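Undergrad: Okay, handing you the structure first.
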Amino acid sequence: MRSPISPSPAVHVQLKELLGQFLEHTPTARGTDSLMADLRRFNPELLRDSLVELLSSSVHTEGTREEISSVYTRKLKEMAALYPLLFHVENALRARLSLEIFDRFGIDQWWVPILKAIRAGNPAHSVKQISTVPITRYFAVRVGHIVESVEGTRDGPAKLDQMTCGSQLLAESTFGELRYLVSNSWTDFQHIFRGSRGVIKAITKLEFSALSKVIVDVRNDLYHHRPISDRQTFVNVCEILADHLESHLGSLDTAMANATYVRPSFSVVLHDRHFDWR
């Protein structure tokens, strides 16, 4: 049989060593070739974590790929379960900021003065006020970063010209850009996180920066398909921010668990060349 991983990258060398330990741990090592072939199909880091869990488990294993697949699939589902929390917190923050900024300036296209300054070759912080309302250098710079990130894309200029409200602009921002917009203009947004005595603890600027950094890191890991080492910490952080944004993630999770939807249909017939996840 032709080796599916020759020459082997470093991550596959590590995985082969873990597979060797797994198969040695339980001598009934049937399907060795199939296990090695799985290195072409599985996420290496998630496969590694699955093998480490199996090796450290006190439960007896048979040394089969079905056992690896079971743990791997569970870990994949655990990662997927974090996405709705991330989606909700990120978009709840966008929606709240959109309303707050509109209330402050009283106009829908509040970013246009900054866009015009940038297009004229001037820095974003050259804009000192919007709709007669003074703005800080930090607010102008952060809005400028969002505008420039859109403007710099192929369809960005036309997209900006067609935007009619702030929610459309903020929809183009990353969570990292939202995070800096809030933290760098904390005096403009701190009231969102001031809490209520005896009900919800206020969040300081430093605390917001630390909490939002956790979300940024997990967001990057999820989008790059890296395993999340501490899911509960991420959930706790999301809960804190969602609470200040008047959302309850526990009820969201329950609602999603009870929701029914039309599952996708698949037309490719299962063949021997495929890995059978069932």
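The values are calculated or read from the model by the stated rules, or taken from the named source; none is laboratory data. Values in this document were obtained by computation on a predicted structure and should not be read as measured data. In this analysis, Cβ positions are derived from the backbone assuming ideal geometry, glycine residues included, and neighbour counts consider all displayed protein chains. Please note that ligands, DNA and RNA were not included when accessible areas were found on the heavy atoms of the full protein model with its side chains. Shrake-Rupley method; radii C 1.70, N 1.55, O 1.52, S 1.80 Å.
Undergrad: Is it the case that residue 90 is within 29 Å of residue 248 (Cα to Cα), touching a residue at least 40 places away in the same chain (Cβ under 8 Å), buried (at least 17 other Cβ atoms within 10 Å of the Cβ) and out of contact with any His (no Cβ under 8 Å at 6 or more places or on another chain)?
TA: It is true that residue 90 is within 29 Å of residue 248 (Cα to Cα), touching a residue at least 40 places away in the same chain (Cβ under 8 Å), buried (at least 17 other Cβ atoms within 10 Å of the Cβ) and out of contact with any His (no Cβ under 8 Å at 6 or more places or on another chain).
Undergrad: Oh, and also: Give me the residue from region 207-221 that is closer than 13 Å to residue 174 by Cβ and buried (at least 18 other Cβ atoms within 10 Å of the Cβ) and, out of that set, modelled with the lowest pLDDT.
TA: The qualifying residue modelled with the lowest pLDDT is 219.
Undergrad: Among the numbered criteria (1) over 22 Å from residue 223 (Cβ atoms); (2) surrounded by fewer than 16 Cβ atoms within 10 Å (Cβ to Cβ), which one does residue 171 miss?
TA: Of (1) over 22 Å from residue 223 (Cβ atoms); (2) surrounded by fewer than 16 Cβ atoms within 10 Å (Cβ to Cβ), only one is false for residue 171: (1).
Undergrad: Out of all the residues in region 66-82, which are β-branched (Val, Ile, Thr) and either in contact (Cβ under 8 Å) with a residue 24 or more places away in the chain or loosely packed, with under 14 Cβ neighbours inside 10 Å (or both)?
TA: Scanning region 66-82 gives 68, 73.
For every residue, the table says whether it meets (1) modelled with pLDDT of 70 or more; (2) closer than 25 Å to residue 229 by Cα.
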| residue | (1), (2) |
| --- | --- |
| 2 | no, no |
| 10 | yes, yes |
| 44 | yes, yes |
| 50 | yes, yes |
| 56 | yes, yes |
| 62 | yes, no |
| 70 | yes, yes |
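Undergrad: Kindly check whether there is at least one residue in region 154-162 that is open to solvent by less than 10 Å² (accessible area, probe 1.4 Å) and of a type in the set (A, V, I, L, M, F, W, C).
TA: Checked region 154-162: at least one residue is open to solvent by less than 10 Å² (accessible area, probe 1.4 Å) and of a type in the set (A, V, I, L, M, F, W, C).
Undergrad: Within region 127-135, is there a residue that is in contact with a helix residue (DSSP H, G or I) (Cβ under 9 Å, 6 or more places away or on another chain), at pLDDT 95 or above and part of a helix (DSSP H, G or I)?
TA: no
Undergrad: If a residue must be open to solvent by less than 60 Å² (accessible area, probe 1.4 Å) and either in a helix (DSSP H, G or I) or touching a helix residue (DSSP H, G or I) at 6+ places or on another chain (Cβ under 9 Å) (or both), how many such residues does region 174-201 contain?
TA: 17
Undergrad: Pick from 114, 107, 101: which is in contact (Cβ under 8 Å) with a residue 12 or more places away in the chain and open to solvent by 30 Å² or more (accessible area, probe 1.4 Å)?
TA: 107
Undergrad: With the structure loaded, tell me whether residue 234 is crowded, with 20+ Cβ neighbours inside 10 Å, at pLDDT 95 or above and more than 30 Å from residue 107 (Cα to Cα) or whether it fails that test.
TA: Yes: the conditions hold for residue 234.
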